[in-house]
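Single-structure report; data block below.
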Amino acid sequence: MGEPKNGWDGEFQEFMVGAWPRLLRTAYLLAGDQHAAEDLVQSAFERAFAAWGRVRRAEDRYAYVRQILVNQHARRFRRRPPELLVDAVPEAHSPEDGFARSDERAALVAALATLPPRQRQAVVLRHWEDLSDSQAAAAMGCSVGAVRSQAAKGIARLREAAAPKESKVMTHIGGAV
C-alpha cells in the first residue's frame, strides 16, 4: 500500500478507532471466535484503507466497511469448512451495548454459533445490526425473501434452543397421549 493522500491517514485512524468495537461485535457474532473476529475486522480495515478514497465519499462509512466485513466472512467460509465455534463471549464491551448487559448472552451466543452460516448472517445483520431486510439482502448478496426466510429459520432455532428442556419433554409427552 502506498502513502495515503491529503492526510487521509489521520481521518482513517479516527474512523477505525470509532468503528472497531461495533465491527468487532458483528464479526464475533458472525465468526463465533474472538481471534477469528479480530482477524476479520483487521482484514476489513486493510481493504477499507486501500480503498479509503471511495470509503470516505460513501454516505455511510460504517455500512461500507461492514459490507467489506460480511464479504470477507463469506469468502472465508467458502474456502474451508466451518470450524467448531466456541461459546466464550468477549469481556470487553462498551457500556451502551445492550447485548453486553444481557445476563444470558453466553447462552445466546452459544446458540447463535449453532446456526448455519447464512442463518447466522441474517440474524446478526437484521437483529444486532438492525438493518432492514433490503439492507441485509444487499450485505449478504441475496434477495429480500432469502433474508426473511433465513432470519425466520434462525430465530426459530434460537427460540427452540432457549426453550426449557422440561417444556420440550412435556410437549412431546402431551402430543403422544
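Contact map, segment 141-153: first residue within 23 Å of Arg75 (Cβ to Cβ), second residue open to solvent by 40 Å² or more (accessible area, probe 1.4 Å), Cβ cut-off under 7 Å, separation 6 or more or different chains; pairs are Val144/Ser134; Val147/Arg126; Gln150/Arg118; Ala151/Arg126. Taking (1) open to solvent by 60 Å² or more (accessible area, probe 1.4 Å); (2) of a type in the set (A, V, I, L, M, F, W, C); (3) modelled with pLDDT under 90 in turn, Val17 satisfies each apart from (3). Within segment 144-156, the only residue that satisfies the criterion of being in contact with an Asp or Glu (Cβ under 7 Å, 6 or more places away or on another chain), aliphatic (A, V, I, L, M) and open to solvent by 20 Å² or more (accessible area, probe 1.4 Å) is Val144.
Reported count of residues in segment 127-143, each being farther than 13 Å from Arg66 by Cα, open to solvent by 50 Å² or more (accessible area, probe 1.4 Å) and either among the acidic types (Asp, Glu) or part of a helix (DSSP H, G or I) (or both), is 2. Residues in segment 94-137 that are of a type in the set (Gly, Ala, Ser) and at pLDDT 70 or above: Ala106, Ala107, Ala110, Ala111, Ala113, Ala122, Ser132, Ser134, Ala136, Ala137. Applying the set (1) among the hydrophobic types (A, V, I, L, M, F, W, C); (2) modelled with pLDDT of 90 or more; (3) crowded, with 18+ Cβ neighbours inside 10 Å to Ala63 leaves exactly one unmet item: (3). Being out of contact with any strand residue (DSSP E or B) (no Cβ under 8 Å at 6 or more places or on another chain) and either assigned to a helix (DSSP H, G or I) or modelled with pLDDT under 85 (or both) is a property that holds for Glu91.
The values are calculated or read from the model by the stated rules, or taken from the named source; none is laboratory data. Keep in mind it's a predicted model, so treat the numbers as computed, not measured. Using ideal geometry, Cβ is built from the backbone for each residue, glycine included, and neighbour counts are taken over all protein chains shown. Side chains included, ligands, DNA and RNA excluded: accessible areas come from the protein's heavy atoms. Shrake-Rupley method; radii C 1.70, N 1.55, O 1.52, S 1.80 Å.
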